[in-house]
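The structure appears below as structure tokens.
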Amino acid sequence: MSAEGGPCLVRLAGGDPLPAWVARLDRTAFGAGWKAPAAHEALWLIPELAFARWACVPAAGEAELLRIAVDPAHLGQGWGRSLLEACQEALAAERMPSLFLEVRVSNAAAIRLYQACGWKRCGLRSGYYPDGEDAALFQRSGS
Ligand SMILES: CC(C)(COP(=O)(O)OP(=O)(O)OC[C@H]1O[C@@H](n2cnc3c(N)ncnc32)[C@H](O)[C@@H]1OP(=O)(O)O)[C@@H](O)C(=O)NCCC(=O)NCCS
């Protein structure tokens, strides 16, 4: 299976149950799983492969990428890029063209992905993470 040809995307919204594979991937990628999406959140999935979790503020035309992860067995095959681009298009279509995120400054794979998808670095939060690492802030506008 490859990311070429476009992913089969599923969108979960507030109140939808979290699939078990998402909870597993969340724990594998981030060490701790999250709950089912809250009312203001949206979760896009490529089933069994990848997820991206967003906090949405439709009234402001904004969304924040909270987490994105690809199954470790499928890294580096274009799934992350494919999912992020699909989310960007969907959020623009839902009138949320103004996107934000923060990422550990050491996370070279994620930073490369964001840059490849048109995100620009716009700031730094010093000592943002519990272990003292800085967070780089990125933003993106448009579809
Ligand atoms: C970040 C992540 C989602 C990328 O997913 P992926 O499917 O492996 O990425 P892709 O194959 O779509 O590659 C997208 C871009 O990132 C680059 N990239 C991917 N892995 C990389 C790595 N290990 N080092 C450097 N660049 C990398 C690719 O070269 C590509 O850039 P290009 O199009 O300019 O060549 C994945 O590494 C992951 O799940 N990491 C763990 C969770 C995480 O840290 N999430 C981000 C913080 S929320």
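Taken together, the values in this text are just the output of simple stated rules run on the coordinates, not laboratory data. Keep in mind the model is a prediction, meaning the values are calculated, not measured. A quick note on method: Cβ atoms are made from the backbone with ideal geometry, for glycine too, and the neighbour counts reach across all protein chains shown.
Of note:
- Compactness check for segment 7-79: Cα Rg over 2.2 N^0.38 Å is 1.08.
- With the cut-off at under 20 Å, measuring from each backbone N in segment 26-58 to a point 7 Å along the Cα-to-Cβ line of residue 8 picks out 43-52.
- One chain, two ends: residue 106 and residue 73. Fully extended at 0.36 nm per residue, the span grows by 9.7 nm beyond their Cα-Cα distance.
- For segment 1-83, the relative contact order comes to 31 percent (Cα pairs under 8 Å, sequence separation of at least 6).
- Under a model in which nothing but the beta-carbon of Lys, Arg (+1) and Asp, Glu (-1) is charged, the chain shows a dipole of about 160 debye around its Cα centre.
- Each of 19, 91, 113 was placed along the dipole of segment 10-141 (beta-carbon charges, centred on the mean Cα), and the one lying farthest toward the positive end is 113.
- For the chain, the relative contact order comes to 19 percent (Cα pairs under 8 Å, sequence separation of at least 6).
- Stretched out straight at 0.36 nm per residue, the stretch from residue 121 to residue 48 would grow longer than its current Cα-Cα span by 23.2 nm.
- Taking the Cα atoms of segment 2-143, the ratio Rg/Rh between the radius of gyration and the Kirkwood radius comes to 0.93.
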